[in-house]
Amino acid sequence: MKIRVHFALCLLLAALFSTSCIREEAANAECDILAVDSTWLATQPAGFITGNPLIRNNSVTFLVRKNADCTHLNPTFEITPRAHLFYKDASGKRPFDATEYHDFTTPQTYVVVSEDGAWEKEYKVSFEDPQPIDSTDFEHFGYDERSQYQILYQTQTDGSLNANIWASGNAGFALTGMAHTPEDYPTTFVDGGLMGRCAKLETKSTGSFGSRVKMPIAAGNLFIGEFKVAQAMLYPLKATRFGLQLVKSEPLSLSGYYKYKAGNAMTDKNGQVLAGRKDTCDIYAVLYEVDPTHFVPLQGDDVMSNPRIVSIARLDNPGEPNQWTHFSAPFRHQNGKSFDAGRMRRNGYAIAIVMTSSRQGAFFEGAIGSTLYVDNIKITWKQ
């Protein structure tokens with residue numbers, strides 16, 4: 001066990017180092033934004049920032065309440081020790097100044113430079129007002145700058161595209177070295193939907209790497225929230241952070257279209273065949289309570305059991321339809337709770353939509369080749 005954990009930790013550290021700043025094609029871990037300064041966060045007005053800041057390879061995104069004033073801000077960050085932080089605009093880059101404020105109605109650029117000045121990395125820093133989701137059609141996506149897996153862009157009600165709503169475990173799969181093209185990842189967006197593209201979620205082998213650490217499969221998944229790759233190896237159930245504060249009224253139902261084919265042999269985390277068991281997909285949505293000033297998401301170990309859950313909508317008995325099949329699942333109340341309009345006005349709810357090609361994939365049980373196609377996912381809100 002010690003050898004396995006040590007091996008996993010070494011590989012994780014190597015992978016994290018490889019996502020650090022670059023100079024041409026080389027990698028270096030000495031010029032990263034590590035976190036948002038907690039003192040700065042604490043000085044922001046209550047409810048101004050909703051959810052946790054999203055720090056990715058070359059971006060930092062703050063989710064803010066509707067109609068928030070973002071014209072006079074100066075966020076501060078924790079960066080690699082002994083590195084230097086700069087602000088960059090059309091006139092060039094200059095050292096970060098805590099007294100200098102900026103207009104974040106458009107993204108601003110920050111640069112972290114290593115101690116010796118030989119390496120640097122740019123971050124686009126933005127403040128976004130995410131809009132409640134009515135539907136998702138999977139038509140628009142981009143690519144991760146380093147690992148080239150696909151990232152879904154949510155079309156918002158004003159027509160804009162937001163890359164910070166949906167997440168997947170693709171970043172974790174990148175650690176295995178099994179993906180050589182964007183299409184090799186478990187979560188992709190492909191032609192062949194009802195009209196245009198759809199989501200394709202496929203359970204994949206993680207190869208010899210996954211077998212050694214008892215993570216032999218990676219289910220294709222897609223969810224509202226965030227994936228924390230730093231947790232993926234040692235605490236995988238903590239890597240999935242489900243939900244965002246995107247609630248506009250009481251959710252009544254989750255609906256959409258899907259088709260599914262289970263893989264041939266379902267196996268456990270040891271790679272042993274589970275005789276008599278067949279893989280199945282999962283599609284569900286969860287509404288839960290949050291503190292409007294301190295967002296704590298649900299995670300892989302409590303997304304269906306946390307006492308803050310208000311209601312759940314889940315596709316029952318999905319089967320294996322080989323043609324596009326419509327479903328509509330009502331939200332059913334949990335834990336003796338009901339929807340509170342006053343809490344909603346205080347931004348005290350979050351919602352998650354979760355889809356996966358292997359229902360037990362979080363526990364590394366599933367069948368390689370199990371494939372779920374999903375299109376036109378919709379939340380119906382109470383009028």
Review point. Taking the stretch 266-282, which residues are surrounded by 15 or more Cβ atoms within 10 Å (Cβ to Cβ) and among the aliphatic types (A, V, I, L, M)?
Key: 266, 274
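Let me confirm something: among 117, 172, which residue is among the small types (Gly, Ala, Ser) and outside any loop (DSSP other than H, G, I, E, B)?
Exactly one residue qualifies, and that residue is 172.
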Check your understanding: Here is a list of conditions, (1) at pLDDT below 95; (2) surrounded by 19 or more Cβ atoms within 10 Å (Cβ to Cβ); (3) not β-branched (Val, Ile, Thr), and residue 24 meets all of them except one; can you say which number that is?
Key -> (2)
Review point. Here are some conditions: (1) surrounded by 24 or more Cβ atoms within 10 Å (Cβ to Cβ); (2) under 15 Å from the mean Cα position of the chain (by Cα). Residue 236 meets all but one. Which one does it not meet?
Key: (1)
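Look at residue 223 and say whether it is among the aromatic types (Phe, Trp, Tyr), part of a strand (DSSP E or B) and within 15 Å of the chain's Cα centre (by Cα).
Judged against the criteria, residue 223 is a match.
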Revision key, fill the gap. Within the stretch 297-310, residues in contact (Cβ under 8 Å) with a residue 40 or more places away in the chain, touching a Lys or Arg at 6+ places or on another chain (Cβ under 6 Å) and not in a loop (DSSP other than H, G, I, E, B) come out as 299
Check your understanding: Does the stretch 354-361 include one or more residues that are surrounded by fewer than 19 Cβ atoms within 10 Å (Cβ to Cβ) and not in a loop (DSSP other than H, G, I, E, B)?
Key -> no
Check your understanding: Only one of (1) closer than 23 Å to residue 240 by Cβ; (2) among the hydrophobic types (A, V, I, L, M, F, W, C); (3) at pLDDT below 95 fails for residue 364. Which number is that?
Key -> (3)
Exercise for review: Go through (1) surrounded by fewer than 17 Cβ atoms within 10 Å (Cβ to Cβ); (2) closer than 30 Å to residue 196 by Cβ; (3) outside the structural domain of residue 352 (by TED's automatic domain parsing); (4) small (Gly, Ala, Ser) and name the single condition residue 59 misses.
Suggested key: (1)
Review point. Restricting the stretch 283-299 to residues that are touching a Ser or Thr at 6+ places or on another chain (Cβ under 8 Å) and either surrounded by fewer than 18 Cβ atoms within 10 Å (Cβ to Cβ) or at pLDDT below 95 (or both), which is nearest to residue 242 (Cα to Cα)?
Key: 295
Practice item. Scan the stretch 184-220 for residues that are buried (at least 23 other Cβ atoms within 10 Å of the Cβ), in a loop (DSSP other than H, G, I, E, B) and not aliphatic (A, V, I, L, M) and jot them down. Key: 185, 186, 203, 216, 220
Exercise for review: Scan the stretch 61-69 and give yes if some residue there is without any contact (Cβ under 8 Å) to a residue 60 or more places away in the chain, within 30 Å of residue 239 (Cβ to Cβ) and among the hydrophobic types (A, V, I, L, M, F, W, C), otherwise no.
Suggested key: no
Study note, to complete from the structure: Only one of 370, 305 is more than 14 Å from residue 253 (Cα to Cα), surrounded by fewer than 17 Cβ atoms within 10 Å (Cβ to Cβ), under 23 Å from the mean Cα position of the chain (by Cα) and not hydrophobic (A, V, I, L, M, F, W, C), namely 305
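The values are calculated or read from the model by the stated rules, or taken from the named source; none is laboratory data. In this text, all values refer to a predicted model and were calculated from it rather than measured experimentally. Reconstructed Cβ throughout: ideal geometry from the backbone, glycine too, with neighbour counts over all protein chains shown.
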